[in-house]
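Comments concern the structure below.
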Amino acid sequence: MSEIPTQRMVTAREVREHPTALAYINGANANLRLLGYTEHGMRHVGRVSSWAYEVLHELGYAERDCELAAIAGLLHDIGNVINRQQHGQIGALLARDILTELGMDVTELVVVMGAIGNHEEERGHAVSAVAAALILADKADVHRSRVQEPDPSKHDIHDRVNLAATDAKLRVEQASRRIVLELAIDSAMASVMDYFGIFLSRMVMCRQAAAFLGCRFGLVINGTVLE
C-alpha cells in the first residue's frame, strides 16, 4: 500500500521544477503547435503565473492565495497534452496527481483544480479569487511572441492579432478598484475590430472575473480607454 505524502505548503517554484509538470507543459505546447495554435508553453504559463499572483497580491489577498494562483497559472494548460477540447477539466485532473504527489493539502488542491477547470471561456466561471485571477492573467496574454507558425501564408486571424500586439500589460489600480489590460497594437497588421472579433468572449469573461474580485475591468488599446 502506497504512502500518502505528508501535507505541506507546495510552492510555485516546486511545481515549475517538477519533471512531470514540465513534461506536460512542453508536450501540451508541442501538440498545439502541430494544430496551428499560438504558444502555450513555459513562456505563456510563466507569464500567466506571474500575473495571477500579482493581481491577488495588489488587491491585498493573503500570500497563500497569491501562491495558489501562481501554481494554477503554471498548470492551467497541461490538459492540452491529451486534447484541446475540455483541456481545463482534463488539466485539473492531471494537476491533482502532481500536487498530491508534492503533498498539497486537499483544501488547497480543490481551489487550484477549480481554477484550472474554469479558465476556458466556453464553460468557465470565476468560482474563487484564485480562479478569477487565473482567468484575467490567461486572457491578457496577447503578444507577437506567441505566434509559432513561421510561414506567414498560414497565419490565421489569431496569429495576425497576436503578431500585431507589440506589448501587453495587466495592472491593478488599487484606489479605483480597476483591473486594466493595456495593449499596444500595430494597426498596420491588425485592427482593433480584429481584436474584438476573436477576443470579445474573453473580455466578457475578464469583466466577470474582475467583478468577482470587487473590481471593474478596463481595456486600454493604443492609449484609448474602452470600458
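Among the residues of the range 173-182, write down those that are touching a residue at least 60 places away in the same chain (Cβ under 8 Å) and within 21 Å of Leu200 (Cα to Cα).
Ile179
Restricting attention to the range 145-177, which residues are under 30 Å from Tyr61 (Cβ atoms), part of a helix (DSSP H, G or I) and among the small types (Gly, Ala, Ser)?
Ser145
Among the helices (runs of 4 or more DSSP H) contained in the range 1-115, which hold 2 or more residues that are in contact with a strand residue (DSSP E or B) (Cβ under 6 Å, 6 or more places away or on another chain)?
Passing ranges, in order: 42-58.
Going through the range 119-141 one residue at a time, which ones are over 11 Å from the mean Cα position of the chain (by Cα) and not in a helix (DSSP H, G or I)?
Residues satisfying the conditions are Glu121, Glu122, Arg123, Gly124, His125, Ala126, Val127, Ser128.
Does the range 193-227 hold any residues that are over 15 Å from Glu121 (Cβ atoms) and either among the polar types (S, T, N, Q) or under 16 Å from the mean Cα position of the chain (by Cα) (or both), and which are they?
Asn222, Thr224
How many residues does the range 136-159 contain that are among the small types (Gly, Ala, Ser) and loosely packed, with under 12 Cβ neighbours inside 10 Å?
Matching residues across the range 136-159 total 1.
Values quoted throughout were computed directly from the atomic coordinates according to the rules given, and no laboratory measurement underlies them. The shown structure was predicted, so the numbers you read here are calculated from the model rather than taken from an experiment. Cβ atoms come from the backbone with ideal geometry, glycine included; neighbour counts cover every protein chain shown.
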